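Step one of this worksheet: look at the structure below.
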Amino acid sequence: MRRRFVRYAAALVAGLAAPALLAAQSQPVSGDALVVSSIGDASRLLPLLATDSASGDIVGLLFNGLLKYNERLEIVGDLAESWTVSPDGLTITFVLRPNIRWHDGAPVTAEDVRFTYEKLIDPSVLTPYSSSYQLVESVEALDPRTVRVRYREPFAPALESWMMGIIPKHLLEREDLNTTPFLRRPVGMGPYRFRRWNTGELIELAANPDYFEHRPYIDRYLYRIIPDQATSFLELLTGQVDLAGLTPLQYRRQTDTPYIRRAYRKFRYPSFGFTYVGYNLQDARFADRRVRQAFNLAIDKPALIDGVLFGLGTAASGPYPQESWASDPSIRPSAPDREAARALLAEAGWTDHDGDGVLDRDGRPFQFTLITNQGNEVRRQVAELVQQQLRALGVDVKIRIIEWSSFVHEFIDKRRFEAVLLGWSLSRDPDLYDLFHSSKTREGEYNFVGYANPEVDRLLERGRRVFEQEERQRIYREVHRHLAEDQPYTFLFVPDALPILHARFRNVAATPIGIAYNLIDWHVPPEEQRYRRMSP
Amino acid sequence: MAAVFRNRLAATGAAVLLVLAVVAVCAPWLAPYDPLAVNLPDALLPPSPAHWLGTDPLGRDVLSRLIWGTRISLLIGFIAVGVAVVVGTAVGLLAGYAGGRLDAALMRLVDTMLAFPSIFLLLAVIAILEPNIYNIMAVIGLTSWMGVARLVRAEILSLKERDFVLAARALGASPVRLMTRHLLPNAIGPVLVAATLGVGGAILTESVLSYLGLGVQPPTPSWGNILNEGRVALGIAWWLTLTPGLCILVTVLAFNLLGEGIRDGLK
Amino acid sequence: MTAYLLRRLLGLIPVLLGITLISFGVMKLAPGEPTDASLQFNPKASLEARERMERLLGLDQPLHRQYLRWLGRVARLDFDRSFRDGRLVTDQVLERLPVTVTINLAALLLVFGIAVPLGVFAAVRPGGVFDRLTTVLVFIGYSAPGFWLALLAIASFGVTLRWFPVSGLHAIDHEALGLLRRGLDTAWHLVLPVGVMTFVGLAGLSRYARSGMIEVLRQDYIRTARAKGLSERRILFHHGLRNALLPIITILGLALPDLIAGSVVMETIFSIPGMGRLFYDAVMARDQNVVMALVTVGALLTLLGNLLADLAYAYADPRIRVGRR
């Protein structure tokens, strides 16, 4: 236990020291504003209720959790100065940093943590995140800086669950969390303070001078809501937006103008998620593993990435990106091999008996419908290329594109599909219980392909109970091997995230966790600052 | 002078529509390329002798897509209006002829439908159904029949009391015969005008639906979704936005001028 | 007259009920629940969490009970809360209303100010050069997709020429400006959206004004006025226009649903946080309380507009005062 603590504390110190060193090199000056564009508006600015990406972006700057990921995807302390996990894995004790204050000046205490937990499990609060806390037995505030959490059974994803932003008890104690005015003028303890929110137009945050790490150099954070993608790009062309996400097409072809090359910097790093084709394993044709393996060999993943993502992605061999410690480096994405695929299908009884170019078995041609949701251009194009590639194998694929809501309710939930093209974006913890455990197949749950492998079930259950990193790595690499062998999905690729940022911002780097992890250390040299200083 | 001019504008409209009809019918022979053939290395080429109107983000030939799009867009326009005319005429005829309670009830229905923002019905219904071209035709038609219904009803009301109708009724003509033989043919003029204007309206509606992502689904080309797909590249490839918009503009303009011409001719 | 008015007002009730029923039915028939946006395909949101949220929002109740509950609240002018952000729908609407009303009103005034004179002058010499030119011009606005015109306007005036801002309502530093500069800033941002909406709206009104005017100019009293030697301007605008404006009143009442539809597209392109945008987002997110409120209020306003137009018409033209309908 002692040894473990020392290691965590070391990681914490390293995480703090690195940005400080960088900052020293370039003498940052504070000032200026960062203008970010977003397709959608936020809805509720409270960590417990923030479900859309816009709310998540803003809440992330206003509130901190006890823990966070650093740029190397290691868990480090955030509000917590240190934490210890008991040897039986049933108790986690957090010690808060001294002197953290809410934006209104009140101290952040262990009581706030307990309050946050109570609201997370309160059945009258509209939070979708309660399930991560089901195994918690109790949360106690031992003293103003110490919180002890007890679990009924060991639960490794628990550490990630304590990245949830902590909310102020003294302001919310008597409020109905679902409707409180706090949702529209939140008070947090994070690097930025809330200033104003013009619905559907703009959210403005101001640097928090008392932030416990240090005051962010960029004075203001402006979140502009620009619902139309074309308009958003035109705003970029006129320099009215500093930070935006690009599509692969924009990244490769449309940002090559002299102005953008001069005024902006483009970044590229793998996103945490993957695109896949999932098969309904209740369908007799797909229940045969050889068919799934054949499809994996027949689909040319690099061609998909080149054709649809303009090369801006990585072929996938399983659910984890190559950078993840849970990914087994010995498993490579399969090289396309049509002959091997054909042999596997022949083994499974699928050959072209009648010579019409389509494989058949028992007189029935191999034909199925691949469905995907409407409104995602990349998926539509991937579907078309997969169709072409399987066609060359002698499998006749029809494509059907369906509006999101009915896609989910009428097709996925009710298992009315043969194959589905979708993507998952996952959290950094490698736990895949919800996706592949055989118990998660009820309507509305996420193992909708109906994958059931007792060995994977056992591994997934075990993976949630151990904290030891080496042990978890061993477990999830084995999960990875099983999934690569069983192919319940054809794992296609991991797309890259493609942010573009105005070049006046310094001290910015792409890391596995993105570019914004050290936002408080970004700065603009005084002669390049664009927006005037505002009195708070 | 005025009459000549009116007819000249209308005649121009008719001529444009004739050309478009030929393009729509002969699309397979006119289009220089396969409108669906993706060719990524050639994406976003500016207009050139090989691709007169350039290529789109997937490297498809824009001219070929527009030519095939003519077919889809005109088809949507005509069939949607067909639906609207059939439903509207039936409702108007019934209401005007029957009068009384039925008339009142049907006109309440028309009022109700007119008071809806049509975009709501369009969005909601297309969310329920899949946005394939048949559903889009049906939905546009079913949200635009009210004008025709009112027109037909008004015509019928005024015709009903005219001598030739009264005479036919006195001679014992059945209601069906009365409606189809005497009332309808005389109400056809205004309906024709409304229908001509309606085709243009339906083409515009499809383009708005495409803009909202609920129109004809790619890769099938309609002018609306060609425009919408090109829009994302507006900053660097203006031809993708300009040409499909011009096609819609010219076509709808032609329908409107023709409709106005017919209306003036009827007076 | 009072009896007529009362009868008309009573007649609105079944129409309104029908509208709420249809929109409720459509929202419920459409696949998807208001909770989807936050919960669908979010592996952290368990099935239990989702069921709990539906229970809290009353979505597990039978449909007729949900509808009656809604109707009961609306009768007390309470439109309940948005599922998306938990705010009162009334607050949301009141917050968005001013922008949309301002833009539409500005566009409407401009349309009136431009279209009516255009129509009047075109009517002086139907078929003349002026008539031909304006006919084609206004029809171009009417025949082009509005969002296309908007994009072209942004690309040329916003990006290439940089005369006007690309989108939005305020400059980033709007708050720091003085009152006058703030007003100018907003007006400057509104030029493109209002301009495009005006151009799109010209055709209807100018055609009405033109045909109405042609009709009126044929009348005897115009000939009398001419014979009296009144100036042409006075004849046109004093004697002629007053009578030609009548039919125009009626089309205004019917214009409301179209304005909402137009606002959806314009507000999206120009990043304007108005009612149209609210409506579109609500439909797509199945935020049924917001959708129902907007449809009901929109329909009510449309119906009242129609009624008002009829009354104005009846008042101005005694021939149709009695016995209509």
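Read-outs: derived from the displayed coordinates by stated rules, not from any lab. Just so it is clear, the structure is predicted and the values come from calculations on it, not from any experiment. Glycine gets a Cβ as well: all are built from the backbone with ideal geometry, and neighbour counts include every protein chain shown.
For the stretch A:288-364, taking the reciprocal of the average inverse distance between every pair of different Cα atoms yields a Kirkwood hydrodynamic radius of 14.3 Å.
Largest first, the three principal axis extents of the alpha carbons in chain A are 79, 60, 43 Å in whole numbers. Taking 0.36 nm per residue of sequence separation and removing the Cα-Cα distance, the C:W163/C:L301 pair yields an extension gain of 46.0 nm. Counting only other chain Cβ atoms within 10 Å of each residue's Cβ, the peptide B:249-255 averages 4.
I'd like the FRET efficiency for C:A3 and B:L266, computed as 1/(1 + (r/R0)^6) with the beta carbon distance as r and R0 of 51 Å, rounded to 0.05.
On the way: r = 38 Å, r/R0 = 0.74.
Rounded to the nearest 0.05, the efficiency is 0.85.
Across peptide C:274-286, the average count of Cβ atoms from other chains found within 10 Å of a residue's Cβ is 4. Using the Cβ-Cβ distance between B:A11 and B:R169 with R0 set to 41 Å, the FRET efficiency works out to roughly 0.50.
When each full DSSP H helix of chain A is screened for a Cα extent of at least 27 Å along its own axis and an average Kyte-Doolittle hydropathy of at least -0.5, the helices passing are A:2-26.
Go through A:K440/C:K28; A:K68/A:K301; A:K301/A:K440; A:K68/A:K119 and tell me which ones have a Cα-Cα distance over 25 Å in this structure. With Cα atoms farther than 25 Å apart: A:K440/C:K28; A:K68/A:K301; A:K301/A:K440. Between C:E54 and A:D413, the modelled label-to-label distance comes to 0.5 nm, taking each label 7 Å out from Cα in the direction of the beta carbon. Listed peptides B:109-116, A:167-174 appear in the order B:109-116, A:167-174 once ranked by packing, highest mean of other Cβ atoms within 10 Å at the front.
Mean partner shielding of peptide B:204-214, defined as the number of other chain Cβ atoms within 10 Å of each residue Cβ, is 5.
Within chain B, helices built from complete DSSP H runs that reach 20 Å or longer along their own axis (Cα positions) and carry a mean Kyte-Doolittle hydropathy of 0.0 or higher are B:2-25, B:62-98, B:100-115, B:146-160, B:184-211, B:239-266.
Within the same chain, lysines fewer than 8 places from B:K160 are excluded, and of the rest, those with a Cα less than 24 Å from its Cα are B:K267.
Using the empirical formula 2.2 N^0.38 Å as the baseline, the Cα radius of gyration of the protein assembly as shown reaches a ratio of 1.02. May I ask you to list, by number, the DSSP H helices of chain C whose Cα span along the axis is at least 15 Å and whose average Kyte-Doolittle hydropathy reaches 1.6 or more? Span-like helices, by this rule, are C:89-124, C:246-269. Structural descriptor for the stretch A:273-495: relative contact order 35 percent, calculated from alpha carbon pairs under 8 angstrom and at least 6 residues apart. Ordering of C:155-161, A:45-51 by packing is A:45-51, C:155-161, highest average first (other Cβ atoms within 10 Å, averaged per residue). Near the amide H of A:R101, within less than 5 Å, lie the amide hydrogens of A:V108, all on another chain or at least 5 residues away, with H placed in the peptide plane. Distance from the alpha carbon centroid of the stretch A:261-311 to that of the stretch C:60-99 works out to 43 angstrom. Spatially, the stretch A:349-411 and the stretch A:120-191 are offset by 45 Å when compared through their Cα centroids.
Would you work out the relative contact order for chain A, in percent, from Cα pairs under 8 angstrom that are 6 or more residues apart?
20 percent
Distance from the Cα centroid of the stretch A:30-60 to that of the stretch B:23-83 is 41 Å (rounded to whole angstrom).
Taking the highest mean first, how do the peptides A:266-273, B:41-48, C:62-69 order by number of other beta carbon atoms within 10 angstrom per residue?
Numbers: A:266-273: 17.2, B:41-48: 14.6, C:62-69: 11.9.
Highest mean packing first, the order is A:266-273, B:41-48, C:62-69.
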